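One structure below.
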Amino acid sequence: MTKALPKPLLLIDVDGPLNPYAAQRERRPEGYATHRTHPSDWTGVKPLRVWLNPAHGDELRALADAYELVWATTWKGEANDWIGPHLGLPELPYIDWPQMHGRAPRGTFWKTRYILEYAAGRPFAWVDDDITAYDHEYVEQNHLAAALLLHVDPRLGLLRPDFDRLADWAAAL
Ligand SMILES: [Mg+2]
């Protein structure tokens, strides 16, 4: 008897991949819309501005056949309030980080070990602007299943070829 394997996870960071926060300040990148948000931990006087591209929503929905989509962002569950609706995404599960920022093993980004705990041996793709060679090495050594760590330039956000790469990777599993 064969058991259907679960889909790989697609772990999605918001700031960087979906919100290219490092793009030039006064020049909203083409295709993006400006949204003013009020996440609960935001202490600024003015609302927090994010740029979001509705085409990303189309691309992510298209990947939902191949992947289980999960938020992997400091927005945690509030991505479902402030981000997902602008992209036409349904409510998604999210990683509830035990702690954010701070020390992490062997030069890795603070998210990386929690990503592995969440994945619990399941294949995953992860898009984030903070992935470095240390994270690649750590995942290689500590995660037995397949993993795609896709670094995204926070000046550019996710680009069309990134979605092809994600689709191809899942299809090749
Ligand atoms: Mg980020």
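Here's the yes/no breakdown for (1) touching a helix residue (DSSP H, G or I) at 6+ places or on another chain (Cβ under 7 Å); (2) farther than 18 Å from L60 by Cβ; (3) modelled with pLDDT under 95:
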{"position": "T132", "(1), (2), (3)": "no, yes, no"}
{"position": "H136", "(1), (2), (3)": "no, yes, no"}
{"position": "N142", "(1), (2), (3)": "yes, yes, no"}
{"position": "A147", "(1), (2), (3)": "yes, yes, no"}
{"position": "L150", "(1), (2), (3)": "yes, no, no"}
{"position": "G157", "(1), (2), (3)": "no, no, no"}
{"position": "F163", "(1), (2), (3)": "yes, no, no"}
{"position": "A171", "(1), (2), (3)": "no, no, no"}
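Can you name the residue in segment 121-154 that is over 30 Å from R25 (Cα atoms) and of a type in the set (D, E, K, R) and, of all such residues, is nearest to the ligand (Cβ to nearest atom)? The extreme case among them is E137.
Suppose we filter V139, V127 for residues that are surrounded by 15 or more Cβ atoms within 10 Å (Cβ to Cβ), part of a helix (DSSP H, G or I) and not acidic (D, E); which single one remains? Explain how you work it out, then say what you get.
On the way: V127 fails: part of a helix (DSSP H, G or I).
The conditions single out V139.
Contact annotation: residue pairs with Cβ atoms under 7 Å, 6 or more positions apart or on different chains, pairing a residue in segment 66-77 that is within 15 Å of the ligand (Cβ to nearest atom) with a partner that is at pLDDT below 95, are T74/M100; W75/P39. Restricting segment 43-73 to residues that are modelled with pLDDT under 90 and of a type in the set (V, I, T), the residue that is most open to solvent (accessible area, probe 1.4 Å) is V45.
Would segment 101-120 turn up any residue that is away from the ligand (no atom under 15 Å from the Cβ), in contact (Cβ under 8 Å) with a residue 40 or more places away in the chain and either outside any helix (DSSP H, G or I) or of a type in the set (A, V, I, L, M, F, W, C) (or both)?
yes
Step by step: first the residues of segment 12-37, then only those that are assigned to a strand (DSSP E or B) and out of contact with any Asp or Glu (no Cβ under 8 Å at 6 or more places or on another chain), then the one that is farthest from L48 (Cα to Cα). Which residue is that? The qualifying residue farthest from L48 (Cα to Cα) is I12.
Going through segment 91-110 one residue at a time, which ones are touching a strand residue (DSSP E or B) at 6+ places or on another chain (Cβ under 9 Å) and more than 18 Å from H35 (Cβ to Cβ)?
Quick first cut of segment 91-110, residues touching a strand residue (DSSP E or B) at 6+ places or on another chain (Cβ under 9 Å) only: 92-95, 109.
Matches in segment 91-110: P93, Y94, I95, F109.
Name the single residue, out of those in segment 1-42 being open to solvent by 40 Å² or more (accessible area, probe 1.4 Å) and within 15 Å of the ligand (Cβ to nearest atom), that is nearest to the chain's Cα centre (by Cα). Across segment 1-42, the extreme among qualifying residues is D15. Can you confirm whether A33 is touching a residue at least 60 places away in the same chain (Cβ under 8 Å) and among the small types (G, A, S)? So A33 does not fit the description; no.
Hey, W82 hits all of (1) out of contact with any Pro (no Cβ under 8 Å at 6 or more places or on another chain); (2) of a type outside the set (V, I, T); (3) buried (at least 17 other Cβ atoms within 10 Å of the Cβ); (4) farther than 23 Å from A171 by Cβ but one; which does it fall short on? The single condition W82 does not satisfy is (1).
Tell me the residue from D65, D58, D96 that is of a type in the set (D, E) and over 22 Å from D164 (Cα atoms), please.
On the way: D65 fails: over 22 Å from D164 (Cα atoms); D58 fails: over 22 Å from D164 (Cα atoms).
The conditions single out D96.
The values are calculated or read from the model by the stated rules, or taken from the named source; none is laboratory data. These numbers were taken from a predicted model, which means no experiment stands behind them. Neighbour counts run over all protein chains shown; Cβ positions are idealised from the backbone, glycine included. SASA here: full protein model, heavy atoms, side chains in, ligands and nucleic acids out. Shrake-Rupley method; radii C 1.70, N 1.55, O 1.52, S 1.80 Å.
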